[in-house]
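To start, the structure itself, in structure tokens.
What follows draws every value from the coordinates through simple rules; no lab data is involved. As the structure is a computational prediction, the values presented were derived from the model and not from experiment. Virtual Cβ from ideal backbone geometry, glycine too; neighbours counted across all protein chains shown.
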Amino acid sequence: MATDASHPVRVLAMMNQKGGVGKTTTTVNLAAAIAEQGRRVLIVDLDPQAHASLHLGVEDDDQPTVYDLLFEPEMGVGECVRKIHANLDIVPAETDLAAVETELAAYGDRNARLAKAINDGSLPYEFVLLDCPPALGLLTLNALTAAQEVIIPMQAHFLALQGVSKLLETVGLVRDQLNPVLRVAGIVLCMHDSQTSHSKEVVADLERFFESQRASPTAWSSARVYRPAIRRNIKLAECPSFGQSIFDYAPWAPGAVDYRKLAETIVAEWDRALAAAKASDLSEAEIRVLRGSLASSKPPMMPSTD
Ligand SMILES: Nc1ncnc2c1ncn2[C@@H]1O[C@H](COP(=O)(O)OP(=O)(O)OP(=O)(O)O)[C@@H](O)[C@H]1O
Ligand SMILES: [Mg+2]
């Protein structure tokens with residue numbers, strides 16, 4: 001699908017307040033896999049650890065970063081991007097970002113700075129993936145205000161389930177108060193071992209829960225557990241130290257195979273939603289409104305515009 005300035009953009013926040021669950025690995029490799037399919041993709045690194053930037057070999061330089069973008073949203077994303085591949089760009093983070101939480105607190109629109117920078121209707125990307133830090137602070141709030149959808153990378157452990165309910169509650173609050181189109185797209189199981197009975201039980205619990213929520217008016221009523229789960233694969237842990245995604249480092253390793261298939265699912269559900277919107281004769285502007293109600297198996301529902 002051609003991408004032009006008026007094309008709808010799917011903005012996905014990779015969010016989990018728990019550390020080390022696979023947010024950055026999923027952001028970088030899912031983005032690279034979507035780009036490999038010929039779609040234009042932007043990563044925004046919102047983590048002061050700058051792991052996504054380092055993963056793609058972007059070192060500290062004197063160019064503007066996401067820090068500058070948050071303080072001067074009007075400067076535009078184009079000023080801050082580094083090109084990684086033909087279809088893949090990143091707005092990197094820098095360690096100065098650690099101070100952003102306190103500095104941004106002085107602004108009335110402190111939660112909406114990133115939204116202002118990326119939702120200007122002229123972004124030359126079809127997918128934007130936001131790598132959140134492992135905390136529920138202003139940086140994560142900026143991601144949730146700018147995104148239409150949340151993807152939750154997690155491991156299938158019993159204790160992680162409690163973290164997910166806290167996370168869903170947060171997304172619900174942001175949807176109620178800051179971003180009415182926000183929804184949870186689903187869970188990506190990372191470092192997954194499908195053989196243990198424990199992980200099977202946790203996945204079954206998650207699926208039962210989401211099924212029970214289908215008719216609810218919540219932000220997670222159309223959420224799913226994405227397939228395939230991403231297997232534990234040492235190549236995925238190795239590639240950041242080479243500044244490469246898995247597709248440059250080990251393109252046929254199990255980690256690459258899994259992220260490639262996941263990207264196909266994510267792209268296909270977006271194409272289905274756009275096709276459904278076009279079939280119902282919506283204008284580009286209406287499709288933009290609709291972007292928050294994307295559902296994988298059901299036709300998207302338009303929010304009332306009365
Ligand atoms: N499928 C996988 N197989 C093997 N190692 C993995 C896999 N996914 C992630 N890792 C490794 O696990 C560690 C944590 O992953 P990652 O950095 O993506 O988590 P994170 O949620 O972004 O962490 P943080 O909360 O600190 O930002 C990293 O060393 C990463 O290389
Ligand atoms: Mg990370």
Take peptides 84-92, 222-230 and line them up by average Cβ neighbours within 10 Å, highest first, as a rough protection proxy. 84-92, 222-230
Which aspartates and glutamates, on any chain, are close to K278 with Cα under 17 Å apart, when same-chain ones fewer than 8 places away are left out? D4, E126, E269, E286
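How big is the charge dipole of the stretch 10-293 about its Cα centre, in debye rounded to the nearest 20, if each Lys and Arg gets +1 on its Cβ and each Asp and Glu gets -1 on its Cβ?
Numbers: 27 positive and 37 negative charges, 254 e Å.
Once rounded to the nearest 20, the dipole reads 1220 debye.
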Want the number for A279 to E238: 0.36 nm per residue separation, take away the alpha-carbon distance, what's left? 10.3 nm
So for the chain, what percent of the C-alpha to C-alpha distances run longer than 29 Å? 30 percent
Sort 33-45, 108-120 by the packing proxy (mean of other Cβ within 10 Å over each peptide's residues), most packed first. 33-45, 108-120
If the cut-off is 24 Å between C-alpha atoms, which lysines fall inside it for K18, apart from same-chain ones fewer than 8 positions away? K166, K200, K235
At a threshold of 8 angstrom on Cα-Cα distance, excluding pairs fewer than six apart, so keeping six or more, what relative contact order does the stretch 10-293 reach in percent? 23 percent
Can you give me the long-range amide H partners of I187? Hydrogens built in the peptide plane at 1.01 Å from N, cutoff under 5 Å, separation of 5 or more residues or another chain. I152, R224, V225, Y226
Taking r as the C-beta separation of A106 and A135 and R0 as 30 Å, the FRET efficiency to the nearest 0.05 is 0.95
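From the C-alpha coordinates alone, can you work out the Kirkwood hydrodynamic radius of the stretch 111-242, in Å?
For the stretch 111-242, inverting the mean 1/r across all distinct Cα pairs yields 16.2 Å.
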Alpha-carbon spread of the stretch 28-137, three principal axes, descending order, Å: 41, 29, 27
Compute the separation of the alpha-carbon centres of the stretch 67-87 and the stretch 218-287 and state it in Å as a whole number. 23 Å
Estimated vicinal HN-Hα couplings, Hz - the stretch 171-179 in sequence order (Karplus 6.51, -1.76, 1.60; Gly, Pro = x): 4, x, 5, 5, 4, 5, 10, 10, 8
Can you tell me which of 9-19, 244-254 comes out highest on packing, and rank the rest after it, using the mean Cβ neighbours within 10 Å? 9-19, 244-254
Dividing the mean separation of Cα pairs under 8 Å (6+ apart) by the residue count of the stretch 55-145 yields a relative contact order in percent of 28 percent
Approximate spin-label separation K116-Q37, in nm, with each point projected 7 Å along Cα-to-Cβ: 3.4 nm
Please name whichever of A115, P134, F210 sits farthest to the positive end of the charge dipole of the stretch 10-293, dipole taken about the Cα centre and charges placed at Cβ: Lys and Arg +1, Asp and Glu -1. F210
